[in-house]
Amino acid sequence: MPICEICSEDLASEADMKTHLLLSHLENVMHCPFCSLSGVSYDELSFHINTAHKETINTPSVKASVAHCGPALTEDRETPRTVTRKERHWAESRPPGTSSSCHTPVPVAENSTDAAVASVCGTNSGTHRPEDRTHSKNSKDRQESLEAHGAIKQKRLSSPRKEKLYPCPMCSLVCQDCFILQEHVELHLQESAMDEGATTAGEEASGSSTTPTTCNTNTSGLKQYECPLCSLPFPDAFSLQEHVELHLENHTDAARGAESSSDLTLARRLQKEEEEQRKLQEAKREAEEFKKLQKQFGMDGSGGYRKQIERNMERAVSRGNMVPAEFHIKRAELMESLATGVDDGQSRTQGLMGALFDYFRRDPRDTVHVWLCGETDHYSSSEGDRGWGCGYRNFQMLLSSLHKQEPYNNILSDVPVPNIPRVQALIEEAWKQGVDPAGAAHFNHRLQGTRAWVGSTEIYSLFTSLSVNARVVDFHKPTGQGGTHPRLFDWVKQYFSQSSTRNGRLPPRVVQTSLPPIYLQHQGHSRSVVGLEQKRNGSLCLLLFDPGCPPSDMARLLERDAAAATAATAAAVRRMRKFPNHLKHQQYQVLAVEGLLTPEQKQRQIVNSRTFRADRIP
């Protein structure tokens with residue numbers, strides 16, 4: 001079992017012995033003989049003496065004491081001290097001619113430089129020299145500087161840093177922490193200082209004047225220490241150490257700056273990738289919404305009027321609602337109608353305006369005034385355009401009314417009421433003439449073979465190409481309570497009543513004018529205004545022809561039987577009536593025909609349509 005040579009304590013193993021020596025003796029017995037520094041390791045104490053007290057140990061008095069110091073080092077001590085293993089190893093490793101006991105740490109006498117020197121050399125000297133006081137003052141100044149430097153170093157060592165790889169500038173060692181590298185470089189400097197001290201002591205003992213290997217001598221004979229990183233000379237090892245530490249700090253700051261730059265680059269790259277991903281998702285969402293809109297408005301390339309009729313007839317055959325022979329007969333009739341471009345009249349109902357005039361004359365009730373448009377045929381949606389053909393059917397109603405009135409019938413007599421594919425072709429021809437280029441671009445200049453919805457602006461373009469003057473008025477926001485449009489009703493009343501009040505007489509209760517119907521458009525649907533009612537309380541009511549109403553319902557207005565006619569007509573009229581609280585869409589557009597265009601007016605209107613703007617009310 002190992003026994004401590006200093007305190008005779010029994011220890012369990014050699015490892016416990018090393019720990020015991022380090023904690024109980026080695027760190028506690030190391031004292032600087034020139035100042036109050038204690039509790040440090042042997043290497044740190046050696047470096048401290050060779051840097052902070054270099055001028056003190058090089059004084060003539062100390063050198064003389066070192067040269068004559070011998071075994072009497074412990075004569076004046078109260079109790080002899082056993083030399084530790086590390087101290088013995090250090091003394092044996094000193095070069096010949098250097099007394100190992102001169103650097104053995106011993107207790108120091110306070111406020112006495114001679115006592116400190118005597119304790120280092122093992123002698124008691126009572127002589128006080130002036131130069132010793134000067135060295136003591138310099139030693140105190142150097143100690144204060146060292147303590148300040150140690151505080152800065154301790155603050156730096158206590159700060160957490162991120163691990164990096166730092167190579168030693170003096171050997172091939174690579175460290176993971178800049179502070180470990182700093183301590184390693186300091187050991188290099190300590191070894192250089194120890195070699196310098198040993199060489200100096202050997203030269204003094206032998207009388208030689210060889211220059212130390214770790215120092216350079218300038219022209220004035222002063223020793224200089226070169227920085228191992230930039231070769232800058234320094235007068236002492238302490239200044240060199242501070243300079244090397246600045247190198248290490250700059251290297252650490254550069255590494256931190258590089259790390260910060262790397263983090264910034266990574267953040268920018270991640271932000272760029274996130275932005276690109278967001279744009280891709282937004283583009284995908286927009287493409288999906290665009291496809292939905294295309295499908296909703298019949299621009300998805302799924303076929304037009306002809307394909308929809310053929311598909312519906314094939315579905316009827318598969319369900320047993322139509323025999324194959326009937327399918328082929330109707331398909332042949334469809335091909336003939338498409339070839340001529342004229343509507344087959346299967347969805348048309350005639351004579352409705354006369355039936356309405358008779359109804360309001362027989363049943364006045366609470367109606368004060370009724371204004372009706374000129375004779376107009378009703379066109380219902382068929383199997384080929386159900387769900388998207390309302391705009392085309394309203395154009396057919398308008399055109400059927402113009403055919404029965406002067407002076408429109410003179411110009412439009414060569415234009416019979418066309419079928420829907422022909423109406424699409426006429427709109428494309430109007431675009432080719434230069435009417436409404438923005439609208440043409442919206443539909444990619446193509447309507448035939450599609451189920452595209454058309455509105456008031458496309459009907460305006462078609463009438464302009466036919467030399468018919470049309471006006472579009474936009475009621476772009478509600479003007480009444482509850483989202484209603486009373487201004488729209490007032491405008492319709494002014495339109496129908498203008499001809500009946502020109503002579504200054506009071507109009508009759510029921511007036512049938514020669515005016516064409518009004519094209520009424522809102523989001524998702526369009527209808528034709530064929531009349532207006534004014535009640536006793538002053539409220540107004542529109543009379544509308546709806547393309548969605550089947551021909552069988554419209555035929556109720558034509559009942560010949562007196563008993564059945566009253567009830568059937570009343571039911572049909574109720575479906576036609578629309579009060580202000582029935583029209584609550586955000587925006588409405590109306591198109592009214594107002595005469596014919598001369599060639600000059602037509603050309604001017606085509607030019608103006610390039611920047612088409614509807615009249616806005618209010």
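Over the stretch 312-424, what is the mean sequence separation of C-alpha contacts under 8 Å (at least six apart), divided by residue count, expressed as relative contact order in percent?
Taking the mean separation of contacting Cα pairs over the length of the stretch 312-424, I get 29 percent.
Treating only the Cβ of Lys, Arg, Asp and Glu as charged (+1, +1, -1, -1), what charge dipole size does the stretch 345-416 show about its Cα centre? Round to the nearest 20 debye.
140
Over the stretch 226-357, calculate the relative contact order: mean separation of alpha carbon pairs under 8 Å at least 6 apart, over the residue count, as a percent.
Answer for the stretch 226-357 is 8 percent.
For VAL342, what residues show an amide H to amide H distance below 5 Å, using hydrogens built from the backbone and excluding near sequence neighbours?
Excluding prolines and chain starts, which carry no amide H, the hits are ASN419.
Enter the accessible area of ASP10 (Å², nearest 10), with the probe set to 1.4 Å and all protein chains included.
90
Using a ≥ b ≥ c from the Cα gyration tensor of the stretch 276-373 (square roots of the eigenvalues), is it rounded, prolate or oblate, where a/c under 1.5 gives rounded and otherwise the larger of a/b and b/c decides, a/b for prolate?
oblate
Among the listed pairs LYS535/LYS584; LYS284/LYS477; LYS404/LYS602; LYS477/LYS535, give every one whose C-alpha distance is greater than 27 Å.
Table pairs above 27 Å Cα-Cα are LYS284/LYS477.
Using only the alpha-carbon atoms, what does the stretch 409-453 span along each of its principal axes? Please give whole angstrom values in decreasing order.
Cα extents, longest axis first: 33, 22, 13 Å.
For the stretch 415-429, what does the Karplus curve 6.51 cos²θ - 1.76 cosθ + 1.60, with θ = phi - 60°, yield as ³J(HN,Hα) per residue in whole Hz, taken in order and with x for Gly and Pro?
Each residue's phi maps through the Karplus curve to give 10, x, 4, x, 7, 5, x, 5, 4, 4, 5, 5, 5, 5, 5 Hz.
FRET efficiency for GLN603 and ASN444, Cβ-Cβ distance as r, R0 = 22 Å, nearest 0.05?
0.30
I'd like to compare 350-356, 167-173: which one has the highest average count of other Cβ atoms within 10 Å, and what's the full order after that?
Per-residue Cβ counts within 10 Å, averaged per peptide and sorted highest first, yield 350-356, 167-173.
Kindly write out, for the stretch 303-315 in residue order, the coupling ³J(HN,Hα) from the Karplus curve 6.51 cos²θ - 1.76 cosθ + 1.60 (θ = phi - 60°), rounded to whole Hz, with x marking Gly and Pro.
Karplus values, whole Hz, x for Gly and Pro: x, x, 4, 5, 5, 5, 5, 4, 5, 5, 5, 4, 5.
Please compute the modelled spin-label separation between VAL342 and SER13, points set 7 Å along Cα→Cβ, answer in nm with one decimal.
For SER13 paired with VAL342, the spin-label model returns 11.8 nm.
Based on the mean of other Cβ atoms within 10 Å per residue, sort peptides 330-337, 317-324, 544-551 so the most packed one is first.
In descending order of packing, they fall as 544-551, 330-337, 317-324.
Measure out, as a whole number of angstrom, how far apart the alpha-carbon centroids of the stretch 600-618 and the stretch 321-341 sit.
So the separation of the two Cα centres works out to 41 Å.
By the gyration tensor of its Cα atoms, with a ≥ b ≥ c the square roots of the eigenvalues, what is the shape of the stretch 322-458: rounded for a/c under 1.5, prolate for a/b over b/c, or oblate?
oblate
Roughly how many nanometres apart are two label points built 7 Å out from the Cα toward the Cβ at ALA283 and SER413?
Each label point is offset 7 Å from its Cα along the Cβ direction, giving 5.9 nm.
Classify the stretch 406-505 as rounded, prolate or oblate from the Cα gyration tensor: take a ≥ b ≥ c as the square roots of its eigenvalues, call it rounded if a/c is under 1.5, otherwise prolate when a/b beats b/c and oblate if not.
Oblate.
The values are calculated or read from the model by the stated rules, or taken from the named source; none is laboratory data. Only a predicted model underlies this, so the values are computations on that prediction, with no experimental measurement involved. Note: ideal-geometry Cβ built from the backbone for every residue, glycine included; neighbour counts use all protein chains shown. Ligands, DNA and RNA are stripped out before the accessible areas are found, and what is left, the full protein with its side chains, is counted by its heavy atoms. Shrake-Rupley method; radii C 1.70, N 1.55, O 1.52, S 1.80 Å.
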